[in-house]
Amino acid sequence: MDCVIGLDIGTTSTIGILIALPDQVLATASRPVTLSAPRQGWAEENPGDWWRNVCQIVPELLERGGIEGAAVKAIGVTGMLPAVVLLDAEGVVLRPSIQQSDGRCGTEVAELASELDEAAFVRRAGNGINQQLVAAKLRWIERHEPEVFARIATVFGSYDFINWKLTGKRAVEANWALEAGFTDLATNDLADDLIALAHIPRSAVPPRIASHKLLGPMSAQAAAAIGLPAGIPVVGGAADHIASGYAAGVIAPGDVLLKFGGSTDILIATETARPDPRMFLDYHLIPGLFMPNGCMASGGSALNWFADRIASGERAAAEAAGRSLHQHLDMLAEATPAGADGVQIIPYFLGEKTPIHDPDARAIVTGLSLNHQIAHLWRALLEGFGYAFRHHIEVFNDMGHPTTRYLASDGGASSRLWMQICADILQAPVQLLRGHPGSCLGAAWVAAVGAGLSDDWRGISAFVTKGDLVRPDPANARLYDRGYRRYRAEYEALRAVRP
């Protein structure tokens, strides 16, 4: 039996999966991670915690899966993107990682924008000038932590760090390099002048590696630490959102994943790269394809905030009925007509990333009157995220990417009401999934292909099955068309008058 381990270095937890080829999940395990915000807008983590979690998770996977370490034939690692991890010349971590959601470098982003022709930069580097760029984060360190900046010998990402701990070899995976702003799309390789924007030596960025290419064998030191034999192949790794989309079945051009996590993401498979500052661009894990994508700053986090801060008075009723508070609010909102009797919420609670890239945007509630209740607000919040997805799809189509099939994953997809609202706003069926364990599965299958255990990129589909197909209600199409136009117009109108 050939087995593969996939590891996901996530923002809130480290997750591992053990699969047996061709189609069996043997075990999963996880450990929590602490996200630190020492100042407003900051987001940091301790990379050492990720490695300690890996050292605990791998033995647990073997025990739960009932296998010996010799059965493991490959390892793949995925993680959040683009986290920034810094090492000195001795391989010592210089400071906590700066996470992808960190918002400290607005000044440095503006500085880069003043130096560069953004349209030319987007065409060349694939992504716009925004806070995802590693150059902006490194310039912040140069300005505020010069003693750290002076000692930088290696810059790479979260899963690159774990790969280095596993193999002793340093590399940056292709999508980290792309979203970092260091890749020239014409050559699909690192560009010296783009790296120079970060004011670091060229030698500080390791060689680029494709997701499925072999990085190296696991070292004896790492093998002793995690309880596996030395020499197991480790592949280049994968960005977590791309691995999740791939595992969910976004494998053919036009496939779209609606991802309902703490933030809400949308990803599409395409045959061509059409860089656009409104969206992020990544390589698909299947060679030859791309995966343009958008990330909204909130999603489940906004629903949790509403439930805890606004709707907490409904908690007793929910518990009495044996439901979670979210389920109870869904039940109330189901009795509220589409359009929430005129209440509308634009859910920019944390500013907004794609497609408007407006960190100063804020949530907007309109149409509220004394006859409205909690149910109207909850439904309006769910509809707001449906409109946000429609905005992204409109942009994809404007970029020349037709959308043909919609899949839904992650925790929010368990809300049948939310899925029906999205299907109605998009006026397209939304395919639910069963058994989607997340990004770790994508990492494991990429490792299986990279190690030569399978030559079928679509073989991953055996691990995830289709659930219900949520069909749109044509009766709501016109109402939601009007709601979407209002959603777009209200943001633009209020943006012009905000402080």
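The numbers here are math on the coordinates, done by the rules we state, and not lab data. These figures come from a predicted structure and were not determined experimentally. Every residue, glycine among them, receives a Cβ derived from its backbone with ideal geometry; neighbour counts consider all protein chains shown.
Between the beta carbons of Asp308 and Glu115, assuming R0 = 56 Å, the FRET efficiency works out to 0.85 to the nearest 0.05.
Sorted from longest to shortest, the spans of the Cα atoms of the chain along the three principal axes equal 67, 55, 42 Å. Calculated mean residue ellipticity, 222 nm, the chain: -10500 deg cm²/dmol, from DSSP H runs (n ≥ 4) at -39500 (n - 2.57) each, averaged per residue and rounded to 500.
I want the local charge near Arg31. Using Cβ-Cβ distances under 15 Å, sum +1 for each Lys or Arg and -1 for each Asp or Glu among the other residues. So the surrounding residues net to -3. Each Cα pair under 8 Å and six or more residues apart adds its sequence gap; the mean of these over the residue count of segment 3-241 is a relative contact order of 21 percent.
Principal-axis analysis of the Cα atoms of the chain puts helix 416-426 at an angle of about 80° to the longest axis. Taking one quarter of the surface of the C-alpha convex hull of segment 95-146 gives a mean projected area of 3.7 nm². Looking only at segment 3-241, where both bridge partners belong to it, what percent of the DSSP beta bridges are antiparallel (to the nearest 5)? Counting DSSP beta bridges with both partners in segment 3-241, the antiparallel share is about 70 percent.
Packing here is the average count of other Cβ atoms within 10 Å per residue, and on that basis the peptides 84-91, 158-165, 212-219, highest first, run 158-165, 212-219, 84-91.
Each Lys or Arg adds one and each Asp or Glu subtracts one; over the other residues with Cβ under 14 Å from the Cβ of Ser454, this totals -2.
Can you tell me what percent of all Cα-Cα pairs in segment 186-253 are more than 14 Å apart? Across segment 186-253, Cα pairs with separations above 14 Å total 73 percent.
Counting only Cα atoms, segment 217-310 measures 51, 42, 24 Å along its principal axes, largest extent leading. Within a straight-line Cα-Cα reach of under 29 Å, Lys259 can be paired with the following lysines, leaving aside sequence neighbours fewer than 8 residues apart in one chain: Lys137, Lys213, Lys353, Lys466.
Computed about the Cα centre, the dipole magnitude for the chain is approximately 460 debye when only Lys and Arg (+1) and Asp and Glu (-1) carry charge, each at its Cβ. Principal semi-axes of the equivalent ellipsoid, √(5λ) from the alpha carbon gyration tensor of segment 3-241, are 32, 18, 16 Å from largest down. Using only Cα atoms, tell me the angle between helix 374-398 and the longest principal axis of the chain; keep it within 0 to 90° and round to the nearest 10. That helix lies at roughly 60 degrees to the long axis.
The base-10 log of I(q)/I(0) for segment 22-85, evaluated at q = 0.17 Å⁻¹, reads -0.75 [Debye formula, identical scatterers on Cα atoms, solvent excluded].
So, in nm, how far is label Glu492 from label Asp192 when the simple model puts each one 7 Å beyond its Cα toward the Cβ? Each label point is offset 7 Å from its Cα along the Cβ direction, giving 4.6 nm. Does segment 138-246 come out rounded, prolate or oblate, given a ≥ b ≥ c as the square roots of the eigenvalues of its C-alpha gyration tensor, rounded meaning a/c under 1.5 and, failing that, prolate meaning a/b above b/c? Oblate, because a/c is 1.5 or more while a/b does not exceed b/c.
Ordered by the number of other Cβ atoms lying within 10 Å of each residue's own Cβ, fewest first, Ser97, Ser36 fall into the sequence Ser36, Ser97. Each DSSP beta bridge with both residues in the chain is either parallel or antiparallel, and the antiparallel ones are about 70%.
Taking packing as the residue-averaged number of other Cβ atoms within 10 angstrom, the listed peptides 3-11, 309-317 run from highest to lowest as 3-11, 309-317. By the Cα gyration tensor, segment 390-483 has an equivalent ellipsoid whose semi-axes, rounded to whole angstrom, run 31, 16, 10 from largest to smallest. Using only Cα atoms, tell me the angle between helix 47-65 and the longest principal axis of the chain; keep it within 0 to 90° and round to the nearest 10. Approximately 90 degrees, to the nearest ten.
If eta is 1.306 mPa s and T is 10 °C, what Stokes-Einstein diffusion coefficient results for segment 67-153, Kirkwood Rh from Cα pairs, in µm²/s? Answer, rounded: 105 µm²/s.
Dimensions of segment 329-386 based on its C-alpha atoms, expressed as ranges along the principal axes with the largest first, amount to 35, 21, 15 Å.
Computed from point charges on the beta carbon alone (+1 for Lys and Arg, -1 for Asp and Glu), the dipole magnitude for segment 3-241 about its Cα centre is near 380 Debye. Each pair of Cα atoms in segment 319-425 enters the Kirkwood radius, and Stokes-Einstein at 10 °C and 1.306 mPa s then converts it into a translational diffusion coefficient of 105 µm²/s. Summing charges over neighbours of Leu417, with a neighbour being any other residue whose Cβ is under 9 Å away from its Cβ, gives 0 when K and R count +1 and D and E count -1.
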